[in-house]
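Undergrad: Attaching a single structure in structure tokens format; questions to follow.
The values are calculated or read from the model by the stated rules, or taken from the named source; none is laboratory data. Predicted model only: the values in this text are computed from it and were never measured. So basically every Cβ, Gly included, is an ideal-geometry build from the backbone, and we count neighbours across all protein chains shown. Accessible surface areas use protein heavy atoms only, side chains included; no ligands, DNA or RNA. Shrake-Rupley method; radii C 1.70, N 1.55, O 1.52, S 1.80 Å.
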Amino acid sequence: PFTINQLANRQAVYFLVRNPELFTTIGAVDGTLFDRHSDKLAAVGVEKRDADYAFAEQSIAELRKFDRAKLDSQDQITYDVLLDFYGTQEAFRPFDWLSSEGIYPISPMFGSQVQLASFMQTLHVVKNEKSARNYVSRLQAMGGKLDALTAEMQRQSDLGVVLPPSLLEKSLVVIGDTIASEPQENPLVTTFVERMMKAHGLDEATRDALRDAAIEAVGTVVYPAYQRMQAALIAQRPKAAETADGVGRLPDGAAYYQAMLKLFTTTDYTPEQVHAIGLAEVARIDAEMDALLDGQGLTEGTV
């Protein structure tokens with residue numbers, strides 16, 4: 001590309017095409033003639049994870065074809081942001097036990113099995129017949145994606161990465177709640193029906209047919225996949241019972257912690273340095289609060 005912005009845009013489009021849910025979240029072309037993604041879900045598994053690493057590696061190579069010193073100040077910022085973004089992804093390549101979904105593909109709050117249902121209910125665009133039909137297609141695709149999440153969880157377990165008991169049990173509660181109602185009463189169906197009522201060009205017969213197709217998909221595809229996930233988690237209970245909470249228990253857990261620390265802080269501080277900063281800050285804030293409390297005549301007891 002002639003400019004670094006052209007490169008960034010090209011890489012972004014490629015990334016979005018490989019991650020259809022994210023493409024939908026941006027909300028640019030769903031339901032239009034240019035929509036080739038909103039009937040699909042992103043893949044899950046080692047192949048997807050490794051392809052993401054390869055994309056990051058290739059993107060860095062493309063980026064380095066630009067001489068940073070010759071860029072203007074704004075383009076240098078773009079260069080640095082892209083290098084940090086892709087470099088951070090590549091930093092996790094040594095941890096073969098990681099899934100394409102991160103440390104835990106299944107978890108009670110941030111697991112992909114929760115995010116997927118939430119995405120379908122709130123972010124999938126339903127504004128015309130095409131986007132409504134694509135919603136049903138995505139419901140039908142949910143079974144395969146949920147099964148892939150279960151398979152990833154089991155692969156990780158074989159490598160010594162098991163959900164700690166608290167996360168496993170809470171995940172079971174969330175899954176149980178998700179499949180507790182009759183399919184027609186599940187939010188995956190009810191929110192879809194509500195959005196179809198506001199969609200353009202959908203007559204009653206079409207809405208009814210799509211509603212019935214959604215109920216069928218939830219009952220015969222989505223629920224069974226969640227039930228298989230539920231059974232697989234229950235089978236993990238004996239392993240989970242012997243699992244500690246901290247990532248220090250994981251293969252190369254200390255190195256993983258350091259990589260996550262860089263991701264969240266953008267620094268090269270060690271865990272010990274960050275902990276020392278935390279202790280110093282608590283002491284500093286306690287001292288300020290103590291002085292303020294003393295000034296109010298509150299001199300007894302702890303802060």
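Undergrad: Which residues, counting only those in region 92-136, are among the aliphatic types (A, V, I, L, M), more than 20 Å from residue 28 (Cβ to Cβ) and out of contact with any Phe, Trp or Tyr (no Cβ under 7 Å at 6 or more places or on another chain)?
TA: 103, 106, 109, 114, 116, 117, 136
Undergrad: If you don't mind, there's one more thing I want to ask. Just for helices (runs of 4 or more DSSP H) wholly inside region 199-299: which have at least 3 residues that are open to solvent by 60 Å² or more (accessible area, probe 1.4 Å) and within 30 Å of residue 183 (Cβ to Cβ)? Explain how you work it out, then say what you get.
TA: Working: elements: 204-217, 223-235, 237-241, 253-265, 271-295.
So the answer is 204-217, 223-235.
Undergrad: Something else about it: Only residues that are of a type in the set (Gly, Ala, Ser) and assigned to a helix (DSSP H, G or I): list them for region 159-198, please. Outline the logic, then answer.
TA: So in region 159-198, the residues of a type in the set (Gly, Ala, Ser) come out as 160, 166, 171, 176, 180-181.
Correct list: 166, 171, 176.
Undergrad: Separate question: For residues that are part of a loop (DSSP other than H, G, I, E, B), aliphatic (A, V, I, L, M) and over 12 Å from the mean Cα position of the chain (by Cα), scanning just region 71-115, find the one that is surrounded by the most Cβ atoms within 10 Å (Cβ to Cβ). I'd like the intermediate steps shown before the answer.
TA: Here is the first cut: in region 71-115, the ones part of a loop (DSSP other than H, G, I, E, B) are 71-72, 91-98, 100-101, 103-111.
Retained after the next criterion (residues that are aliphatic (A, V, I, L, M)): 71, 91, 98, 103, 106, 109.
If we keep only those that are over 12 Å from the mean Cα position of the chain (by Cα) as well, we get 71, 91, 98.
Values: 71: 16, 91: 17, 98: 21.
The extreme case among them is 98.
Undergrad: While we're here: Pick from region 38-53 the residues that are within 23 Å of residue 87 (Cβ to Cβ), among the hydrophobic types (A, V, I, L, M, F, W, C) and within 16 Å of the chain's Cα centre (by Cα): which of them is surrounded by the fewest Cβ atoms within 10 Å (Cβ to Cβ)? Talk me through it step by step, then tell me what you get.
TA: Residues of region 38-53 that are within 23 Å of residue 87 (Cβ to Cβ), as a first pass: 42, 46-53.
Add one more test, that the residue is among the hydrophobic types (A, V, I, L, M, F, W, C), and what stays is 42, 46, 51.
Cutting the leftovers down to within 16 Å of the chain's Cα centre (by Cα) gives us 42, 46.
Values: 42: 17, 46: 14.
Looking at the filtered set, the residue picked out is 46.
Undergrad: Give me the pairs, please: first residue somewhere in region 44-69 and within 30 Å of residue 150 (Cβ to Cβ), second residue anywhere and basic (Lys, Arg) and in a helix (DSSP H, G or I), beta-carbon distance under 8 Å, and either six or more positions apart or on two chains.
TA: Pairs found: 44/145; 46/155.
Undergrad: Quickly run through region 167-176 and pick out the residues that are closer than 19 Å to residue 143 by Cβ and either without any contact (Cβ under 8 Å) to a residue 60 or more places away in the chain or surrounded by fewer than 16 Cβ atoms within 10 Å (Cβ to Cβ) (or both).
TA: Result: 176, single match.
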